[in-house]
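Below: the structure, in structure tokens.
Coordinate-derived values only; no laboratory data. From a predicted model like this one, the values you see are computed outputs, not experimental measurements.
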Amino acid sequence: MLMQNPEERPIVETVFREHDENHTSLLDICEILYDGGYRTRKGKRFQPSTIRGILSNRPFYEGKYKYGDMGWVQGVHSPILPLEV
């Protein structure tokens with residue numbers, strides 16, 4: 001079963017909040033994360049491409065996972081984000 005990494009949850013929440021609610025640019029989201037003391041798993045600054053990757057995995061953060069040719073299906077892992085309506 002997939003498990004949430006509690007250290008990464010605030011990063012995901014910040015990325016989606018800034019993108020969805022504040023319409024913040026990817027570069028500015030990188031700066032917000034850096035200013036908040038967040039780094040990538042390798043200890044580096046976030047790059048716009050990394051933020052784009054997080055945003056492209058929205059269904060995963062909503063509790064879904066990719067299943068073969070079926071695309072995204074509901075998973076059993078706890079979502080970080082509420083499902084989009």
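Couple of notes before you dig in:
- Under-5 Å amide H pairs with K64, H placed in peptide plane, nonlocal only: G75
- Between the entries [x] 13.3, 40; [y] 15.0, 49; [z] 21.7, 60, the label attached to Rg and Dmax of the Cα atoms in Å calculated for this structure is [x].
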